[in-house]
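> The structure's right below; bear with me while I get my questions together.
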Amino acid sequence: MKKILFILTGAILFSCQSKQEQSFEDIIENGDLAQVKTKRDQLRAQADSLQSMVGLLNERVAELDPKAAKLVKDIVSKDTLYHHFIKIQANIETEQDVQVTPEYGGVIRLMVKEGSFVRKGQLIGTISDGGLSDQLNQAKIQVDQARAQLQQAEIQRDLAKTTFERQQSLWNQKIGSEMQFLQAKTNYETSQKQVLAAKQQVSAAQKGVSGTQAQLAKTRLVAPFSGRVEQVITQSGQAVSPGTPVIRLVNPSTVKAVANVPENYLAQIQKGTLAKIALPALERTFDSQVSLISSSINPGNRTFRVEVPIPDKDGLVKPNLNAELQLNDYTSENAIVLPQSVVREDSEGKFVFVIEQIQGKEGIAKKVYVEIGPESNGQVEVLNGIKAGQIIITEGPGKLQEGDRVLRSK
């Protein structure tokens, strides 16, 4: 009796304290996450306290009047789609998480900072070129000079060709000397060789420009993909060498849960298998599907690797977060599913209480032995013993026995 009074007093004090705080409507309207969570926890505590009081009062009624109907809560069993999930610890990774490094040495100047979002191909830093720009300008001048020499050589070749063709025509008509014909032919052949040499000089000069441009391009550091600058490793003004890590770039839109699954589930887990990713740190759960299964078994721990993409539209999921991965290894389309808490056990096996001989809200408690499958998220499938439409007692006095009169709360 003292225990009941203690709980009742605690509930009254809790209620008085709540009146001095912000009203429920104000908290909902303000939208302050911390206040909302605090109010939720307070109401849960109050509800638990009241529930305990009701339970104690029910037990006291049963003691004072053994024939009185005992208050219970119940559900109606029905066929439903049942998914069983295995639970495995997982880690959050991203397909695009790299350290960006330069291909050229020099002093770096960064154009981004930690937390910046960049697009693929965006310039994120430059490196001092060590005179490459001057070399490029000089190489372009050499190309222009080589092209001018080529143009002059082509003019000389065309002139020599015209002279040769005329001398050849005269020679065919037995006009003019053989010496003039041979001289014109020699001049034309020489001019052709000079044009070929000039073209080679132009090509060599252009290769010099291309090579310098390629080297100069290495002084520009660009983002290999779109993402967020997670870490600046090397600060502006520092000297870097090829391969020196400068920034860490992460694409948060490609996050995935990665886990090692015991090999005995290999037949049940396939690409496309339903999955849930629970992230305790964020208090969120995401629905997804298995996207990749490794093609081999790890001989060290007899597991296979699975990957599950996370549809994180808000960008809250971070790489290396701890996660619980739930994988659907069994599905039943017409199953009787009950809360695991309603299943009790005695020396004869597992059983549940059902309500029979119902008249109005009253009925008789009956013990029904059942065969159940594995538990998943607090639910169990009843394989035998219960049919759809039966009324199952979910909450009632701890000393409930078969044959007791019960009163449904709804």
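The values are calculated or read from the model by the stated rules, or taken from the named source; none is laboratory data. All values reported here derive from a predicted model rather than from experimental measurement. For neighbour counting, all protein chains shown are included, and Cβ atoms are generated from backbone atoms with ideal geometry for every residue, glycine included. Surface areas here come from the heavy atoms of the whole protein model, side chains and all, with no ligands, DNA or RNA. Shrake-Rupley method; radii C 1.70, N 1.55, O 1.52, S 1.80 Å.
> Quick check, is PRO224 in contact (Cβ under 8 Å) with a residue 24 or more places away in the chain and open to solvent by 30 Å² or more (accessible area, probe 1.4 Å)?
So PRO224 fits the description; yes.
> Sticking with this one: Name the single residue, out of those in the stretch 300-320 being among the polar types (S, T, N, Q) and outside any strand (DSSP E or B), that is nearest to GLN270 (Cα to Cα).
ASN301
> Among the listed residues GLY125, GLY130, identify the single one that is surrounded by fewer than 18 Cβ atoms within 10 Å (Cβ to Cβ) and not charged (D, E, K, R). Can you show your working first?
On the way: GLY125 fails: surrounded by fewer than 18 Cβ atoms within 10 Å (Cβ to Cβ).
Residue meeting the stated conditions: GLY130.
> Is it true that ALA214 is closer than 30 Å to SER376 by Cα and open to solvent by less than 70 Å² (accessible area, probe 1.4 Å)?
Considered against the rule, which asks whether it is closer than 30 Å to SER376 by Cα and open to solvent by less than 70 Å² (accessible area, probe 1.4 Å), ALA214 comes out as no.
> So, in the stretch 394-407, how many residues would count as being open to solvent by less than 50 Å² (accessible area, probe 1.4 Å) and touching a Lys or Arg at 6+ places or on another chain (Cβ under 7 Å)?
Let us first name the residues in the stretch 394-407 that are open to solvent by less than 50 Å² (accessible area, probe 1.4 Å), namely 394, 396-397, 400, 403-404, 406.
Among the residues that remain, those that are also touching a Lys or Arg at 6+ places or on another chain (Cβ under 7 Å) are: 394, 396-397, 400, 404, 406.
Within the stretch 394-407, residues that are open to solvent by less than 50 Å² (accessible area, probe 1.4 Å) and touching a Lys or Arg at 6+ places or on another chain (Cβ under 7 Å) number 6.
Conditions tested, residue by residue: (1) closer than 21 Å to GLN96 by Cβ; (2) touching a Lys or Arg at 6+ places or on another chain (Cβ under 8 Å); (3) in contact (Cβ under 8 Å) with a residue 40 or more places away in the chain.
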residue: GLY272; (1), (2), (3): no, no, no
residue: THR285; (1), (2), (3): no, yes, no
residue: SER296; (1), (2), (3): no, no, no
residue: ASP312; (1), (2), (3): yes, no, yes
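> From the list ALA148, ALA153, which one is closer than 30 Å to THR212 by Cβ, crowded, with 17+ Cβ neighbours inside 10 Å and among the small types (Gly, Ala, Ser)?
Just one listed residue meets the conditions, ALA153.
> Please count how many residues of the stretch 206-239 are among the basic types (Lys, Arg), in contact with a Phe, Trp or Tyr (Cβ under 8 Å, 6 or more places away or on another chain) and either farther than 20 Å from ALA139 by Cα or assigned to a strand (DSSP E or B) (or both).
Residues flagged as among the basic types (Lys, Arg), in contact with a Phe, Trp or Tyr (Cβ under 8 Å, 6 or more places away or on another chain) and either farther than 20 Å from ALA139 by Cα or assigned to a strand (DSSP E or B) (or both) within the stretch 206-239 amount to 1.
> Looking only at the stretch 90-99, decide whether some residue is over 21 Å from PRO319 (Cβ atoms), under 28 Å from the mean Cα position of the chain (by Cα) and open to solvent by 60 Å² or more (accessible area, probe 1.4 Å). Spell out how you get there, then give the answer.
Restricting attention to the stretch 90-99, the residues satisfying the condition of being over 21 Å from PRO319 (Cβ atoms) are none.
Within the stretch 90-99 (the criterion being over 21 Å from PRO319 (Cβ atoms), under 28 Å from the mean Cα position of the chain (by Cα) and open to solvent by 60 Å² or more (accessible area, probe 1.4 Å)), the answer is no, since none of the residues qualifies.
> Right, next: Go through (1) touching a residue at least 12 places away in the same chain (Cβ under 8 Å); (2) more than 22 Å from ARG228 (Cβ to Cβ) and name the single condition GLU95 misses.
So the condition that GLU95 fails would be (2).
> So PRO262 ticks every box in (1) modelled with pLDDT of 90 or more; (2) out of contact with any strand residue (DSSP E or B) (no Cβ under 6 Å at 6 or more places or on another chain) but one. Which box is left unticked?
For PRO262, the exception is condition (2).
> So TYR82 fits all but one of (1) aromatic (Phe, Trp, Tyr); (2) in contact with a Leu (Cβ under 9 Å, 6 or more places away or on another chain); (3) modelled with pLDDT of 85 or more; what number is the exception?
Single failed check for TYR82: (2).
> Related question: Can you tell me which residues in the stretch 360-380 are touching a strand residue (DSSP E or B) at 6+ places or on another chain (Cβ under 6 Å) and without any contact (Cβ under 8 Å) to a residue 12 or more places away in the chain?
none
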